[in-house]
Amino acid sequence: MGPGAARAAAPPLLAGASGAGSADAAAATLSWAALHGSDRRAAEAERAALRKRAEAERRFTAEQKGLSGFEVRKSLEPAYTQLALNGAEGPLADERVRRAVARALDREELAKAVLGPLGLPTDPVGSHVALAGQPHYADGSAALGGHDAGKALALLHEAGWKQGGPLKTPAAGAAGADARRKSSASPSPSAPSSSAPSAPSSAPASAAVSASPSPSPSSSAAEEDGDATYVVGQDDKPPARDAGEQRGGGVPGAYAPRGTAAPAGAEAAQLAKDGRPLTLRFVLPSGQGSESLRTVGERIQRMLRRVGIRTEISRVPDDGYFDDHIANGQYDLALYSWPVSAYPATDARPIFAKPVPAADGSLVVEQNYTRVGTDEVDQLFERAVTELDEEEGHELMRRADERIWTAAGSVPLYQRPQLVAARRTVANAGAFGFRTPLYEDMGFLAK
(Lines give C-alpha, C1' and ligand atoms only; values in the text may rest on other atoms or scores of the structure.)
Protein backbone atom coordinates (compact mmCIF):
# COMPACT_ATOMS: atom_id res chain seq x y z
CA MET A 1 0.00 0.00 0.00
CA GLY A 2 1.41 3.37 -0.99
CA PRO A 3 1.39 6.52 1.11
CA GLY A 4 -1.67 7.90 -0.67
CA ALA A 5 -3.70 4.74 -0.16
CA ALA A 6 -2.67 4.59 3.48
CA ARG A 7 -3.85 8.16 4.01
CA ALA A 8 -7.16 7.39 2.31
CA ALA A 9 -7.74 4.35 4.49
CA ALA A 10 -6.82 6.12 7.75
CA PRO A 11 -9.65 7.19 10.09
CA PRO A 12 -10.36 10.93 10.43
CA LEU A 13 -8.58 12.66 13.34
CA LEU A 14 -10.23 15.35 15.38
CA ALA A 15 -8.40 18.37 16.76
CA GLY A 16 -6.79 18.03 20.15
CA ALA A 17 -4.30 15.55 21.53
CA SER A 18 -5.70 15.39 25.06
CA GLY A 19 -8.89 16.00 27.03
CA ALA A 20 -12.17 16.17 25.13
CA GLY A 21 -10.41 16.32 21.74
CA SER A 22 -8.53 13.11 22.49
CA ALA A 23 -11.75 11.36 23.55
CA ASP A 24 -13.50 12.50 20.35
CA ALA A 25 -10.59 11.27 18.26
CA ALA A 26 -10.73 7.88 19.96
CA ALA A 27 -14.49 7.64 19.37
CA ALA A 28 -14.03 8.57 15.71
CA THR A 29 -11.32 5.93 15.34
CA LEU A 30 -13.56 3.22 16.84
CA SER A 31 -16.44 4.29 14.63
CA TRP A 32 -14.27 4.17 11.49
CA ALA A 33 -12.93 0.75 12.48
CA ALA A 34 -16.45 -0.61 12.93
CA LEU A 35 -17.60 0.76 9.54
CA HIS A 36 -14.61 -0.57 7.61
CA GLY A 37 -14.01 -3.81 9.54
CA SER A 38 -14.81 -7.33 8.46
CA ASP A 39 -17.75 -7.68 10.88
CA ARG A 40 -20.81 -6.84 8.78
CA ARG A 41 -23.18 -6.77 11.76
CA ALA A 42 -20.95 -4.28 13.59
CA ALA A 43 -20.69 -2.14 10.45
CA GLU A 44 -24.47 -2.10 10.00
CA ALA A 45 -25.02 -1.24 13.66
CA GLU A 46 -22.53 1.61 13.38
CA ARG A 47 -24.25 2.95 10.24
CA ALA A 48 -27.60 2.85 12.07
CA ALA A 49 -26.06 4.71 15.03
CA LEU A 50 -24.62 7.35 12.68
CA ARG A 51 -28.03 7.84 11.03
CA LYS A 52 -29.63 8.18 14.47
CA ARG A 53 -27.07 10.80 15.57
CA ALA A 54 -27.52 12.71 12.32
CA GLU A 55 -31.31 12.77 12.84
CA ALA A 56 -30.88 13.98 16.42
CA GLU A 57 -28.58 16.77 15.25
CA ARG A 58 -31.11 17.77 12.59
CA ARG A 59 -33.93 17.97 15.13
CA PHE A 60 -31.76 19.94 17.57
CA THR A 61 -30.81 22.44 14.85
CA ALA A 62 -34.47 22.90 13.85
CA GLU A 63 -35.47 23.36 17.48
CA GLN A 64 -32.80 25.98 18.10
CA LYS A 65 -33.83 27.82 14.93
CA GLY A 66 -37.45 27.86 16.13
CA LEU A 67 -36.46 29.09 19.60
CA SER A 68 -34.41 31.93 18.16
CA GLY A 69 -37.64 33.84 17.69
CA PHE A 70 -38.33 33.80 21.43
CA GLU A 71 -36.79 35.57 24.41
CA VAL A 72 -37.05 35.04 28.17
CA ARG A 73 -38.45 37.99 30.07
CA LYS A 74 -37.43 37.99 33.72
CA SER A 75 -38.66 39.56 36.91
CA LEU A 76 -39.10 38.77 40.59
CA GLU A 77 -42.47 37.28 41.44
CA PRO A 78 -44.51 38.81 44.31
CA ALA A 79 -43.81 35.73 46.44
CA TYR A 80 -40.90 34.41 48.48
CA THR A 81 -39.50 30.97 49.24
CA GLN A 82 -38.98 30.16 52.91
CA LEU A 83 -37.55 27.43 55.09
CA ALA A 84 -40.37 26.28 57.38
CA LEU A 85 -39.51 24.86 60.82
CA ASN A 86 -42.23 22.73 62.39
CA GLY A 87 -42.36 23.82 66.03
CA ALA A 88 -45.17 21.50 67.11
CA GLU A 89 -42.93 18.76 68.50
CA GLY A 90 -39.43 17.34 68.51
CA PRO A 91 -36.22 19.36 68.78
CA LEU A 92 -37.73 22.33 66.91
CA ALA A 93 -40.35 22.82 69.63
CA ASP A 94 -37.51 24.62 71.46
CA GLU A 95 -37.19 28.19 70.19
CA ARG A 96 -33.42 28.11 70.80
CA VAL A 97 -33.01 25.22 68.37
CA ARG A 98 -35.11 27.00 65.74
CA ARG A 99 -33.04 30.14 66.15
CA ALA A 100 -29.86 28.07 65.85
CA VAL A 101 -31.08 26.55 62.58
CA ALA A 102 -31.90 30.02 61.24
CA ARG A 103 -28.51 31.44 62.22
CA ALA A 104 -26.69 28.51 60.64
CA LEU A 105 -28.11 29.48 57.24
CA ASP A 106 -26.20 31.71 54.85
CA ARG A 107 -29.23 33.27 53.17
CA GLU A 108 -27.11 35.35 50.81
CA GLU A 109 -25.45 32.22 49.44
CA LEU A 110 -28.81 30.56 48.90
CA ALA A 111 -30.25 33.59 47.10
CA LYS A 112 -27.19 33.83 44.85
CA ALA A 113 -27.40 30.13 43.99
CA VAL A 114 -30.97 30.52 42.70
CA LEU A 115 -31.14 34.07 41.32
CA GLY A 116 -27.52 34.72 40.31
CA PRO A 117 -27.48 32.48 37.20
CA LEU A 118 -30.69 34.18 36.01
CA GLY A 119 -29.21 37.68 36.20
CA LEU A 120 -31.72 38.78 38.84
CA PRO A 121 -31.04 40.70 42.09
CA THR A 122 -29.73 38.32 44.75
CA ASP A 123 -30.64 40.15 47.96
CA PRO A 124 -32.23 37.76 50.49
CA VAL A 125 -35.75 38.61 51.64
CA GLY A 126 -35.79 40.49 54.94
CA SER A 127 -39.50 40.47 55.77
CA HIS A 128 -42.34 37.97 56.21
CA VAL A 129 -45.06 40.46 55.26
CA ALA A 130 -43.63 42.51 52.39
CA LEU A 131 -41.05 42.43 49.62
CA ALA A 132 -38.54 44.96 48.32
CA GLY A 133 -40.29 47.57 46.23
CA GLN A 134 -43.40 47.72 48.37
CA PRO A 135 -43.83 50.93 50.43
CA HIS A 136 -44.21 49.04 53.71
CA TYR A 137 -41.13 46.82 53.22
CA ALA A 138 -38.54 46.85 56.00
CA ASP A 139 -35.78 44.35 56.71
CA GLY A 140 -36.51 42.92 60.16
CA SER A 141 -34.01 40.05 60.08
CA ALA A 142 -31.72 41.88 62.52
CA ALA A 143 -34.17 40.91 65.28
CA LEU A 144 -32.98 37.32 64.86
CA GLY A 145 -29.40 37.96 63.74
CA GLY A 146 -27.43 37.10 60.64
CA HIS A 147 -25.46 34.05 59.64
CA ASP A 148 -23.18 33.03 62.52
CA ALA A 149 -22.23 29.38 63.05
CA GLY A 150 -20.65 30.17 66.42
CA LYS A 151 -23.83 31.74 67.77
CA ALA A 152 -25.83 28.82 66.37
CA LEU A 153 -23.65 26.35 68.29
CA ALA A 154 -23.97 28.42 71.46
CA LEU A 155 -27.76 28.34 71.20
CA LEU A 156 -27.73 24.57 70.70
CA HIS A 157 -25.47 24.06 73.71
CA GLU A 158 -27.75 26.28 75.77
CA ALA A 159 -30.67 24.06 74.76
CA GLY A 160 -28.78 21.00 76.03
CA TRP A 161 -27.46 19.61 72.74
CA LYS A 162 -23.80 18.66 73.20
CA GLN A 163 -21.06 17.32 70.96
CA GLY A 164 -19.13 14.08 71.37
CA GLY A 165 -19.53 10.46 72.41
CA PRO A 166 -21.36 7.48 70.91
CA LEU A 167 -25.14 7.70 71.11
CA LYS A 168 -25.91 4.87 73.53
CA THR A 169 -26.59 4.17 77.19
CA PRO A 170 -23.64 3.93 79.61
CA ALA A 171 -24.26 0.20 80.14
CA ALA A 172 -24.29 -0.51 76.44
CA GLY A 173 -21.23 1.66 76.00
CA ALA A 174 -19.26 -0.31 78.60
CA ALA A 175 -20.29 -3.61 77.04
CA GLY A 176 -19.32 -2.40 73.60
CA ALA A 177 -15.92 -1.21 74.85
CA ASP A 178 -15.25 -4.59 76.51
CA ALA A 179 -16.17 -6.41 73.32
CA ARG A 180 -13.83 -4.22 71.28
CA ARG A 181 -10.95 -4.82 73.69
CA LYS A 182 -11.46 -8.61 73.49
CA SER A 183 -11.66 -8.45 69.73
CA SER A 184 -8.45 -6.41 69.53
CA ALA A 185 -6.60 -8.71 71.92
CA SER A 186 -7.48 -11.99 70.17
CA PRO A 187 -8.81 -11.39 66.66
CA SER A 188 -10.68 -14.31 65.14
CA PRO A 189 -12.29 -14.43 61.70
CA SER A 190 -15.24 -16.32 63.14
CA ALA A 191 -15.88 -13.93 66.03
CA PRO A 192 -19.49 -12.67 66.02
CA SER A 193 -20.21 -8.99 65.49
CA SER A 194 -21.58 -6.98 68.41
CA SER A 195 -23.12 -4.09 66.51
CA ALA A 196 -26.05 -2.33 68.14
CA PRO A 197 -29.43 -2.18 66.38
CA SER A 198 -29.95 0.97 64.38
CA ALA A 199 -32.65 3.46 65.30
CA PRO A 200 -35.71 3.52 63.06
CA SER A 201 -35.87 6.32 60.51
CA SER A 202 -38.87 8.59 60.21
CA ALA A 203 -38.51 8.64 56.40
CA PRO A 204 -39.14 5.77 53.94
CA ALA A 205 -36.03 3.81 53.11
CA SER A 206 -36.55 4.37 49.39
CA ALA A 207 -36.89 8.12 49.74
CA ALA A 208 -34.68 9.16 52.63
CA VAL A 209 -31.14 10.26 51.88
CA SER A 210 -29.13 10.07 55.09
CA ALA A 211 -26.91 13.06 55.66
CA SER A 212 -24.31 10.98 57.44
CA PRO A 213 -24.12 7.27 58.18
CA SER A 214 -24.28 6.56 61.90
CA PRO A 215 -21.09 5.03 63.21
CA SER A 216 -21.51 1.42 64.23
CA PRO A 217 -20.13 0.59 67.68
CA SER A 218 -18.41 -2.51 66.31
CA SER A 219 -17.15 -1.05 63.05
CA SER A 220 -14.06 0.53 64.52
CA ALA A 221 -11.96 0.57 67.64
CA ALA A 222 -11.15 4.23 67.21
CA GLU A 223 -11.45 6.57 70.16
CA GLU A 224 -10.79 10.26 70.50
CA ASP A 225 -8.63 11.85 73.16
CA GLY A 226 -8.25 15.59 72.98
CA ASP A 227 -6.67 16.58 69.70
CA ALA A 228 -5.62 13.13 68.45
CA THR A 229 -7.53 10.12 67.19
CA TYR A 230 -5.98 6.69 67.70
CA VAL A 231 -6.88 3.02 67.66
CA VAL A 232 -7.15 1.13 70.94
CA GLY A 233 -5.34 -2.22 70.80
CA GLN A 234 -3.97 -4.67 73.33
CA ASP A 235 -0.99 -2.59 74.41
CA ASP A 236 -1.54 0.60 72.41
CA LYS A 237 -0.95 4.04 73.79
CA PRO A 238 -2.03 7.40 72.38
CA PRO A 239 0.54 8.75 69.90
CA ALA A 240 2.52 11.85 70.68
CA ARG A 241 0.74 15.16 70.29
CA ASP A 242 3.84 17.13 69.34
CA ALA A 243 4.18 17.76 65.62
CA GLY A 244 6.78 15.57 63.96
CA GLU A 245 7.35 13.33 66.99
CA GLN A 246 7.11 9.58 66.45
CA ARG A 247 6.24 6.79 68.84
CA GLY A 248 5.82 3.13 68.02
CA GLY A 249 6.54 3.57 64.31
CA GLY A 250 4.20 6.54 63.77
CA VAL A 251 4.43 8.80 60.74
CA PRO A 252 5.68 12.37 61.18
CA GLY A 253 2.93 14.91 60.63
CA ALA A 254 0.10 12.40 61.02
CA TYR A 255 -1.26 14.28 64.05
CA ALA A 256 -1.77 18.01 64.09
CA PRO A 257 -0.30 20.10 66.91
CA ARG A 258 -2.61 21.13 69.72
CA GLY A 259 -4.65 24.20 68.82
CA THR A 260 -4.63 23.64 65.05
CA ALA A 261 -7.74 25.30 63.64
CA ALA A 262 -10.21 23.29 61.57
CA PRO A 263 -10.52 24.29 57.90
CA ALA A 264 -13.24 26.74 56.98
CA GLY A 265 -16.59 25.08 56.41
CA ALA A 266 -15.60 21.89 58.26
CA GLU A 267 -18.42 19.81 59.68
CA ALA A 268 -19.01 19.81 63.42
CA ALA A 269 -19.43 16.64 65.43
CA GLN A 270 -23.02 15.44 65.69
CA LEU A 271 -24.99 16.90 68.57
CA ALA A 272 -26.87 14.72 71.01
CA LYS A 273 -29.11 15.13 74.04
CA ASP A 274 -30.12 12.36 76.46
CA GLY A 275 -28.57 9.83 74.11
CA ARG A 276 -30.60 11.04 71.11
CA PRO A 277 -28.93 12.55 68.02
CA LEU A 278 -30.09 15.91 66.68
CA THR A 279 -31.49 14.74 63.35
CA LEU A 280 -34.27 16.55 61.47
CA ARG A 281 -36.51 15.22 58.72
CA PHE A 282 -36.24 17.50 55.67
CA VAL A 283 -39.13 17.02 53.21
CA LEU A 284 -38.62 18.10 49.58
CA PRO A 285 -40.71 17.59 46.41
CA SER A 286 -39.39 15.12 43.85
CA GLY A 287 -41.01 16.42 40.64
CA GLN A 288 -39.19 17.65 37.54
CA GLY A 289 -40.12 21.27 38.22
CA SER A 290 -38.61 21.27 41.72
CA GLU A 291 -34.90 21.05 40.88
CA SER A 292 -34.13 24.46 42.37
CA LEU A 293 -35.81 23.54 45.66
CA ARG A 294 -33.78 20.35 45.89
CA THR A 295 -30.58 22.26 45.15
CA VAL A 296 -31.38 24.74 47.91
CA GLY A 297 -32.28 21.87 50.25
CA GLU A 298 -28.93 20.17 49.71
CA ARG A 299 -27.10 23.44 50.40
CA ILE A 300 -29.09 23.91 53.61
CA GLN A 301 -28.22 20.35 54.60
CA ARG A 302 -24.50 21.13 54.26
CA MET A 303 -24.84 24.37 56.24
CA LEU A 304 -26.57 22.59 59.12
CA ARG A 305 -23.91 19.87 59.21
CA ARG A 306 -21.36 22.58 59.99
CA VAL A 307 -23.04 23.15 63.35
CA GLY A 308 -23.64 19.48 64.15
CA ILE A 309 -27.25 19.19 62.93
CA ARG A 310 -27.95 16.21 60.69
CA THR A 311 -30.89 16.03 58.30
CA GLU A 312 -32.64 13.15 56.57
CA ILE A 313 -33.95 14.34 53.20
CA SER A 314 -37.23 12.72 52.13
CA ARG A 315 -38.25 13.31 48.53
CA VAL A 316 -41.99 12.95 48.15
CA PRO A 317 -44.33 13.25 45.13
CA ASP A 318 -45.38 16.75 44.20
CA ASP A 319 -49.11 16.02 44.27
CA GLY A 320 -49.01 15.08 47.95
CA TYR A 321 -46.17 17.32 49.07
CA PHE A 322 -48.31 20.05 50.58
CA ASP A 323 -51.48 18.25 51.62
CA ASP A 324 -49.89 15.09 53.01
CA HIS A 325 -46.79 16.59 54.62
CA ILE A 326 -46.84 20.38 55.09
CA ALA A 327 -50.50 20.84 56.05
CA ASN A 328 -50.46 17.69 58.22
CA GLY A 329 -47.24 18.66 59.98
CA GLN A 330 -45.38 15.53 58.83
CA TYR A 331 -41.99 17.23 58.60
CA ASP A 332 -39.32 19.03 60.58
CA LEU A 333 -37.95 21.21 57.77
CA ALA A 334 -39.58 22.04 54.44
CA LEU A 335 -39.32 24.54 51.59
CA TYR A 336 -42.36 26.24 50.13
CA SER A 337 -43.46 29.71 49.04
CA TRP A 338 -45.99 32.32 50.14
CA PRO A 339 -47.35 35.22 48.07
CA VAL A 340 -47.42 38.74 49.47
CA SER A 341 -50.01 41.44 48.95
CA ALA A 342 -50.53 45.12 49.58
CA TYR A 343 -52.70 44.27 52.62
CA PRO A 344 -50.56 42.18 54.98
CA ALA A 345 -52.63 42.96 58.08
CA THR A 346 -55.50 40.88 56.69
CA ASP A 347 -53.85 38.58 54.14
CA ALA A 348 -50.82 37.53 56.21
CA ARG A 349 -52.58 37.20 59.56
CA PRO A 350 -53.72 33.53 59.10
CA ILE A 351 -50.16 32.54 58.13
CA PHE A 352 -48.68 33.65 61.46
CA ALA A 353 -51.66 33.32 63.84
CA LYS A 354 -50.93 31.36 67.00
CA PRO A 355 -52.48 27.85 66.79
CA VAL A 356 -55.29 27.26 69.29
CA PRO A 357 -56.75 23.97 70.56
CA ALA A 358 -60.18 23.01 69.29
CA ALA A 359 -62.99 21.44 71.33
CA ASP A 360 -62.14 17.96 70.04
CA GLY A 361 -58.52 18.28 71.15
CA SER A 362 -57.08 18.99 67.69
CA LEU A 363 -55.06 22.09 66.86
CA VAL A 364 -56.51 24.87 64.71
CA VAL A 365 -53.58 26.23 62.72
CA GLU A 366 -55.42 28.16 59.95
CA GLN A 367 -52.53 28.63 57.45
CA ASN A 368 -49.76 28.61 60.05
CA TYR A 369 -48.26 25.27 59.01
CA THR A 370 -45.14 25.81 61.13
CA ARG A 371 -47.33 25.73 64.28
CA VAL A 372 -45.27 28.61 65.73
CA GLY A 373 -47.03 31.74 67.00
CA THR A 374 -47.20 34.18 69.87
CA ASP A 375 -49.89 36.26 71.55
CA GLU A 376 -47.92 39.44 70.84
CA VAL A 377 -47.90 38.80 67.08
CA ASP A 378 -51.66 38.19 67.15
CA GLN A 379 -52.25 41.44 69.03
CA LEU A 380 -50.12 43.46 66.58
CA PHE A 381 -52.08 42.06 63.64
CA GLU A 382 -55.40 42.86 65.34
CA ARG A 383 -54.29 46.45 65.96
CA ALA A 384 -53.07 46.83 62.38
CA VAL A 385 -56.40 45.65 60.96
CA THR A 386 -58.30 48.40 62.79
CA GLU A 387 -55.67 51.13 62.40
CA LEU A 388 -56.83 53.96 60.11
CA ASP A 389 -53.50 55.75 59.87
CA GLU A 390 -51.53 54.12 57.04
CA GLU A 391 -48.08 54.88 58.44
CA GLU A 392 -49.02 53.60 61.88
CA GLY A 393 -50.38 50.45 60.29
CA HIS A 394 -47.07 49.89 58.48
CA GLU A 395 -45.21 50.40 61.76
CA LEU A 396 -47.36 47.78 63.47
CA MET A 397 -46.62 45.35 60.64
CA ARG A 398 -42.87 46.01 60.94
CA ARG A 399 -43.05 45.27 64.68
CA ALA A 400 -45.03 42.08 64.03
CA ASP A 401 -42.45 40.98 61.47
CA GLU A 402 -39.63 41.44 63.98
CA ARG A 403 -41.47 39.23 66.47
CA ILE A 404 -42.00 36.61 63.76
CA TRP A 405 -38.25 36.64 63.03
CA THR A 406 -37.52 36.19 66.73
CA ALA A 407 -39.84 33.16 67.00
CA ALA A 408 -37.98 31.60 64.05
CA GLY A 409 -40.86 29.50 62.78
CA SER A 410 -40.02 30.38 59.18
CA VAL A 411 -36.95 31.87 57.51
CA PRO A 412 -37.52 33.85 54.26
CA LEU A 413 -34.75 33.01 51.79
CA TYR A 414 -35.24 34.64 48.39
CA GLN A 415 -37.90 36.16 46.18
CA ARG A 416 -39.17 33.68 43.60
CA PRO A 417 -37.97 34.25 40.03
CA GLN A 418 -40.59 34.84 37.36
CA LEU A 419 -39.55 33.69 33.87
CA VAL A 420 -41.80 33.99 30.81
CA ALA A 421 -40.86 33.01 27.25
CA ALA A 422 -42.42 35.31 24.63
CA ARG A 423 -41.94 35.98 20.94
CA ARG A 424 -39.70 38.92 20.27
CA THR A 425 -42.46 40.55 18.25
CA VAL A 426 -44.86 40.64 21.26
CA ALA A 427 -44.85 43.95 23.12
CA ASN A 428 -45.74 44.74 26.76
CA ALA A 429 -46.28 41.12 27.82
CA GLY A 430 -44.19 38.75 29.91
CA ALA A 431 -42.99 38.84 33.51
CA PHE A 432 -44.73 41.68 35.36
CA GLY A 433 -43.55 41.27 38.94
CA PHE A 434 -45.52 43.75 41.05
CA ARG A 435 -46.87 45.63 38.03
CA THR A 436 -50.46 45.20 36.92
CA PRO A 437 -50.75 43.94 33.31
CA LEU A 438 -52.31 46.46 30.95
CA TYR A 439 -53.92 44.28 28.34
CA GLU A 440 -54.86 47.19 26.13
CA ASP A 441 -51.14 47.94 25.66
CA MET A 442 -50.23 44.42 24.53
CA GLY A 443 -49.77 43.67 20.87
CA PHE A 444 -47.37 42.83 18.08
CA LEU A 445 -44.55 45.05 16.90
CA ALA A 446 -44.77 46.37 13.37
CA LYS A 447 -42.31 44.77 10.98
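Overview of values
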read-out	value
ALA422 being loosely packed, with under 14 Cβ neighbours inside 10 Å and either on the phi < 0 side of the Ramachandran plot or not in a helix (DSSP H, G or I) (or both)	no
From the options ALA431, ALA359, residue that is exposed (fewer than 13 other Cβ atoms within 10 Å of the Cβ) and either among the hydrophobic types (A, V, I, L, M, F, W, C) or in contact with a His (Cβ under 8 Å, 6 or more places away or on another chain) (or both)	ALA359
Odd one out for THR81 among (1) assigned to a helix (DSSP H, G or I); (2) under 17 Å from the mean Cα position of the chain (by Cα); (3) among the polar types (S, T, N, Q)	(1)
LEU438 hydrophobic (A, V, I, L, M, F, W, C) and at pLDDT 95 or above	no
Condition check for ASP378: surrounded by 12 or more Cβ atoms within 10 Å (Cβ to Cβ) and without any contact (Cβ under 8 Å) to a residue 60 or more places away in the chain	yes
When residues of the stretch 361-379 are limited to those that are of a type in the set (A, V, I, L, M) and at pLDDT 95 or above, the one farthest from the chain's Cα centre (by Cα)	VAL377
Matching residues, the stretch 268-289, being surrounded by 16 or more Cβ atoms within 10 Å (Cβ to Cβ) and either more than 15 Å from GLY90 (Cβ to Cβ) or acidic (Asp, Glu) (or both)	ALA268, GLN270, LEU284, PRO285
Matching residues, the stretch 140-150, being in contact (Cβ under 8 Å) with a residue 24 or more places away in the chain, part of a helix (DSSP H, G or I) and within 21 Å of the chain's Cα centre (by Cα)	SER141, ALA149
Within the stretch 73-93, considering residues that are within 18 Å of LEU131 (Cβ to Cβ) and polar (S, T, N, Q), the one surrounded by the most Cβ atoms within 10 Å (Cβ to Cβ)	THR81
Any hit, the stretch 297-317, residues being more than 27 Å from GLU108 (Cα to Cα), touching an Asp or Glu at 6+ places or on another chain (Cβ under 8 Å) and surrounded by fewer than 19 Cβ atoms within 10 Å (Cβ to Cβ)	no
Sole residue being over 20 Å from the mean Cα position of the chain (by Cα) and either more than 20 Å from ASP401 (Cα to Cα) or not small (Gly, Ala, Ser) (or both), chosen from ASP94, ASP106	ASP94
The one condition in (1) more than 24 Å from ALA111 (Cα to Cα); (2) out of contact with any strand residue (DSSP E or B) (no Cβ under 7 Å at 6 or more places or on another chain); (3) polar (S, T, N, Q) that THR425 fails to fulfil	(2)
Number of positions in the stretch 384-394 that are part of a helix (DSSP H, G or I) and surrounded by fewer than 16 Cβ atoms within 10 Å (Cβ to Cβ)	5
Residues (touching a Ser or Thr at 6+ places or on another chain (Cβ under 6 Å) and either crowded, with 21+ Cβ neighbours inside 10 Å or part of a helix (DSSP H, G or I) (or both)) located in the stretch 94-139	ALA111, LYS112, VAL114, LEU115, GLY116
Pairs, first polar (S, T, N, Q) in the stretch 278-304, second crowded, with 21+ Cβ neighbours inside 10 Å and assigned to a helix (DSSP H, G or I), C-beta under 7 Å, six or more apart	SER292/VAL114
Members of the stretch 400-419 found to be among the small types (Gly, Ala, Ser) and assigned to a strand (DSSP E or B), listed by number	SER410
Residue under evaluation ARG383, criteria (1) out of contact with any strand residue (DSSP E or B) (no Cβ under 8 Å at 6 or more places or on another chain); (2) in contact (Cβ under 8 Å) with a residue 40 or more places away in the chain; (3) farther than 30 Å from GLY297 by Cβ; (4) basic (Lys, Arg), criterion not met	(2)
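Yes or no, residue by residue, for (1) within 24 Å of ARG107 (Cβ to Cβ); (2) surrounded by fewer than 12 Cβ atoms within 10 Å (Cβ to Cβ); (3) not aliphatic (A, V, I, L, M):
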position: ALA353; (1), (2), (3): no, no, no
position: ASN368; (1), (2), (3): yes, no, yes
position: TRP405; (1), (2), (3): yes, no, yes
position: THR436; (1), (2), (3): no, yes, yes
position: MET442; (1), (2), (3): no, no, no
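The values are calculated or read from the model by the stated rules, or taken from the named source; none is laboratory data. It should be emphasised that the depicted structure is a prediction, and the values quoted were computed from it without experimental measurement. When we count neighbours, we look across all protein chains shown, and the Cβ atoms used for this are built from the backbone with ideal geometry, even at glycine.
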